[in-house]
1. Suppose we filter 225, 256, 264, 234 for residues that are over 32 Å from the mean Cα position of the chain (by Cα), assigned by TED's automatic domain parsing to the domain that holds residue 173, polar (S, T, N, Q) and surrounded by 10 or more Cβ atoms within 10 Å (Cβ to Cβ); which single one remains?
2. How do the pairs read when you match residues in region 160-180 that are more than 23 Å from residue 210 (Cα to Cα) and crowded, with 19+ Cβ neighbours inside 10 Å with residues anywhere that are aromatic (Phe, Trp, Tyr) and at pLDDT 95 or above, using Cβ under 6 Å and keeping only pairs 6 or more apart or on different chains?
3. Quick check on region 152-170. Is at least one of its residues in a loop (DSSP other than H, G, I, E, B) and in contact with a Phe, Trp or Tyr (Cβ under 8 Å, 6 or more places away or on another chain)?
4. Which of the residues spanning region 141-159 are loosely packed, with under 12 Cβ neighbours inside 10 Å and of a type in the set (D, E, K, R)?
5. Could you count how many residues in region 266-287 are outside any strand (DSSP E or B) and touching a Ser or Thr at 6+ places or on another chain (Cβ under 9 Å)?
6. Scan region 54-97 for residues that are among the acidic types (Asp, Glu) and touching a residue at least 12 places away in the same chain (Cβ under 8 Å) and jot them down.
7. Right, residue 251: modelled with pLDDT of 95 or more, touching a strand residue (DSSP E or B) at 6+ places or on another chain (Cβ under 6 Å) and polar (S, T, N, Q) or not?
8. Return yes or no: is residue 210 touching a residue at least 60 places away in the same chain (Cβ under 8 Å) and either surrounded by 15 or more Cβ atoms within 10 Å (Cβ to Cβ) or under 30 Å from residue 89 (Cβ atoms) (or both)?
Amino acid sequence: MKNAFSKTTFLFLGLILTLGLSAQKPNQVTFEKYLAEVYGAFERGGFEGIKPYYAPACVEIGPDGSVTNGLAAIEANYKAFAQMMDAPPVFRYKLTSWRMVTPELAFLTWDTDDEVHVMGQVIKGNHTSSGLVRKSDNTWLIEFSQLTPKAPMPMPYEEEKKTIEALVAKANGCFETLDAKGFASLFTEHADFITPYGFKLNGQQAIEQTHAELFASPFGEFFKNNKASVKDPNFRLLDPTHAVYSWTDVTPYNENGEKKEDKNAIMLLLTKASGQWLAESCQITPVQSMPSMAGGQ
């Protein structure tokens, strides 16, 4: 009895799955053909070709976010844009999903690759599109459509990171040009600066004076002739006006024909004031090999 029940259950589930797939496939084909029909009509006749596929009270959201209400307004927009085009646009499209809301109402999504020739320029784009279509007299009419450009979502801190990276690049550039004043200008008035030798400088003025002396010394020629690069950067936005940026500063140089590297681990605490990021504190630590503890007694 148990085996008979199990077999009956599996047969029943299999029948439901088969019926579901059978229903899905015709609808998939229906809407793939529908997209081909609409885009084909546009390619052959422009807006006049696709006008019969719109419901009179349709709504369209364009790639710029503008909302257009009604077929007459949509037609006016298309005609105004067509006057600027040098050639008919080219569309490549693919149905990505469909869902029957009711037997006469369906929601579709599809991807498009577009190529538009406008006033001597070729504009290419990738978009995610969607449409709500209603069946009327055996024809699917567009009640709503939208076109959204595909673009990577900007991280909230990405622009801040780029600004601070530019500040670090400018600081290294000041070492190459021996610009103590420019270097100090990247710090707040009361900034703290810990040198690779453990000395602490207090304030922008002390930072400028010490680096002016450093650049005037024999070390100045070293900085001029050997360019530092940023390795293994790490950025953290603590809140909208405070950030930490750390990296390893690597300066390659030659000593008696032998290639060497000067490495320093650097950490900045930065503050944003009046829209500008400045260093609040800086600590520089020389990168050295860990001394062996073996045989240390």
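1. One residue alone meets the criteria, 225.
2. Taking only residues 6 or more apart or on different chains, the pairs are 164/245; 164/277.
3. Looking through region 152-170, at least one residue is in a loop (DSSP other than H, G, I, E, B) and in contact with a Phe, Trp or Tyr (Cβ under 8 Å, 6 or more places away or on another chain).
4. Residues satisfying the conditions are 150, 159.
5. 1
6. Result: 60, 75, 86.
7. Details: modelled with pLDDT of 95 or more: no; touching a strand residue (DSSP E or B) at 6+ places or on another chain (Cβ under 6 Å): yes; polar (S, T, N, Q): yes.
So residue 251 fails the test.
8. Criteria not met by residue 210.
The values are calculated or read from the model by the stated rules, or taken from the named source; none is laboratory data. All figures in this text were calculated on a predicted structure; none of them were measured in a lab. Every residue, glycine among them, receives a Cβ derived from its backbone with ideal geometry; neighbour counts consider all protein chains shown.
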